[in-house]
Structures are given as structure tokens and as C-alpha cells.
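The values are calculated or read from the model by the stated rules, or taken from the named source; none is laboratory data. For clarity, every value in this text was computed on a predicted model and none was experimentally measured. Reconstructed Cβ throughout: ideal geometry from the backbone, glycine too, with neighbour counts over all protein chains shown.
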Amino acid sequence: MKLVPPYRSATVLALLFCAQGALAQTYPAKPVRVILGVTAGGLQDQLARGIVVDLAALWNQPVIIENRAGSSGIAAAETVARAAPDGYTILQTGNFNFLVNTFLRATPLPYDLEKDFTPAAVLVAANSILVASPRLQAENVRELIALARAKPGLLNYGSFGIGSSAHIDMEAFVTQAGIQVAHVPYKGGAPVLQALMTDEVQLSMTGLTAAIPLIKQGRIKALAYGGERRSAQFPDLPTVSEAGLAGYTSTSWWCWLTPAGTPPAIVNKIAADTARVLAAPAFREKFIDAAGHELVAGSGDKLKAMLAEDKKVFAARIKPLNLKLE
């Protein structure tokens, strides 16, 4: 076997580092696409459009949003998985849809979560909040559990549909609490909030942004926050974990991934420049704080660890439901 002299190995490594640096300096040299698996106009879409405006100015290149809604984000993810690994096609997705499709779909996905993507950047968290009808005779989690145990079958909860995060996370809540609450699926978040206001359902684990004004107006009431830490919007409201269900969270967050094989220098540049955009005070105020989101901003390594941890959480929550979607 022919051995490579140490100085030649060092030279090869140096050349590789120089090539990576050159890639980062020249990227992007043409328009970049950010693919979303949601329709235009929602919170995730608004965040993405805010980011790409500032990135386009920073990069001096167009950054274009493409909405490919349908199949719980599968079409968007497949588009990116099959794209060239050059940093010019980015997937923006949420932890829930990206991960739970593995467990909920009756047929195999057209891509592999671990093999076909490179984690690039974590963006923001959009955690859920446990809310109730204003007529519910409970003001906190402890009183809710006592009521449900005293009158089994009395309470219903609303979700955004079977297999939605509001469904999966609420089932985990009732299981951990040891109570019985019936599931009523709706076609979206707005009908759930309307059902809460009219006492058609008594509970929901819903997104914080749309709930904020209704809580402040007294049209629904907040029982606990689903994040790991208390919300800045409601600092006096305990988390579900603080309220008695230790370790429970209902957390959503959005991230960017590139096709597997994207050069590390480009992935790192995407992460660093996106973090710079997110941290800008004007951006934070308009797209993060006002919506009740939380800045998470992290690199690919942080995202990889978060995805691995959430995959375990969702697997444990979904398996007992024996749920499969077409």
C-alpha cells in the first residue's frame, strides 16, 4: 500500500478549506428558492417572506418563496430532497409535519429524513397554549383535572383535524393527566376558536398568536402555556409542566434544511446570515415578538439535535393512538 506523506495530506486539507471558503464567499451567485409546504398568508409564510426580503438585500440576489402546499408538506420536502445540493434550494418546514409524516402515513415517504437533508438553521418557536371556553368551571390545570375526573365524559376538546398537532399533543395531555376528554376535529384553527367562544368545545391546545387577542378580551381563557418557559405575552401564566404535568410541552418551531450533500461552508453561511436577519431588532419586533413567537436561531448541529429529540417525543405520542393517514 502506498502511503501519502504527511505534508501532502496537510496540503490536500488546506486546499479543501480554501475551496470551502471560496464557495462561501461567492454564494449566492444566482437566485435562491425557499420552498414551503403551506399556503401563502399564514404565520409560517409571513415569517419566511420577512426573512427572504432581508436576505435578498444582504446577499444582493433574489430569494424567492415557492408555496407547495399539500400532503402535510410532503410535496415540498420531496422537491428539496431531489434538488441539487448547492444551497440554491432550501426547505422551510415545521418540526411537526416534517417528523410525524414518518409515523402517520400508511405508505412510505418519497425521501429519507436523515439521508436526504442537511439541517441548516433553526428559526423561531411558535408554541401552543392550553385554552378553554369562558364557561368552563376551571381556572387552571389542577382544577381542570379535578373537574374531568369528577365528571367523566363532560368535556370535549377541539383540534385542527385528525393527526394535527392539536390532536396529537392534546391526546398526550389527557393521557398524562389521567382524564377522559372527547376529541372534536375541525377544519382549521379559526373554527376551533369559534367553538371555544360558544362553548361547543371546552378545551384546545392551540397556537398562541390567534389566541392572544381573544384571551385579552376575555372571550376565551388561558389555562397553561405549552412551551418550556413561560410566554413573554403572558408571564404570569404557568407552563403545563409547572402546572403539574412534569416535562410536558406542546412546542412547534420552524427551520431550514438543504439537500443532503450541500457544502458545509454554504450551509454555515445560510445559518449565519439567517441568524443575523432574525436578530435584527426591527425584524424581531415585527415578525417574532408581535406574533408571540420565540427566537430560537441556531445552526445545523443544533437543528439536528432538536429534530432527533422531537422524533422521539412524537413517536411516543403517536404510537398509542394507532393512527394512520392516507
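Given the conditions (1) within 24 Å of residue 100 (Cα to Cα); (2) touching a residue at least 24 places away in the same chain (Cβ under 8 Å); (3) buried (at least 20 other Cβ atoms within 10 Å of the Cβ), which single one is not true for residue 187?
All conditions are met except number (3).
Just need a number here: residues in the range 273-305 that are surrounded by fewer than 19 Cβ atoms within 10 Å (Cβ to Cβ), part of a helix (DSSP H, G or I) and among the hydrophobic types (A, V, I, L, M, F, W, C).
The qualifying residues number 4.
In the range 158-246, which helices (runs of 4 or more DSSP H) lie fully inside it and hold 1 or more residues that are of a type in the set (Ser, Thr, Tyr)?
Filter on the range 158-246 gives 165-177, 208-216.
Here are some residues: 120, 106. Which one is touching an Asp or Glu at 6+ places or on another chain (Cβ under 9 Å) and outside the structural domain of residue 199 (by TED's automatic domain parsing)?
It is 106.
Somewhere in the range 159-169, is a residue farther than 30 Å from residue 284 by Cα, in contact (Cβ under 8 Å) with a residue 12 or more places away in the chain and charged (D, E, K, R)?
Checked against the condition, which is being farther than 30 Å from residue 284 by Cα, in contact (Cβ under 8 Å) with a residue 12 or more places away in the chain and charged (D, E, K, R), the range 159-169 yields no hits at all.
What number of residues in the range 30-55 are crowded, with 20+ Cβ neighbours inside 10 Å and among the small types (Gly, Ala, Ser)?
2
Out of (1) closer than 30 Å to residue 285 by Cα; (2) in contact with a helix residue (DSSP H, G or I) (Cβ under 7 Å, 6 or more places away or on another chain), what's the single condition that is false for residue 217?
(2)
Does any residue of the range 271-279 turn out to be assigned by TED's automatic domain parsing to the domain that holds residue 50 and in contact with a Lys or Arg (Cβ under 8 Å, 6 or more places away or on another chain)?
Yes - at least one qualifying residue is present in the range 271-279.
Assess whether residue 208 counts as being crowded, with 17+ Cβ neighbours inside 10 Å, within 14 Å of residue 226 (Cβ to Cβ), in contact (Cβ under 8 Å) with a residue 12 or more places away in the chain and not small (Gly, Ala, Ser).
Yes; evaluated as a whole, the condition is true for this residue.
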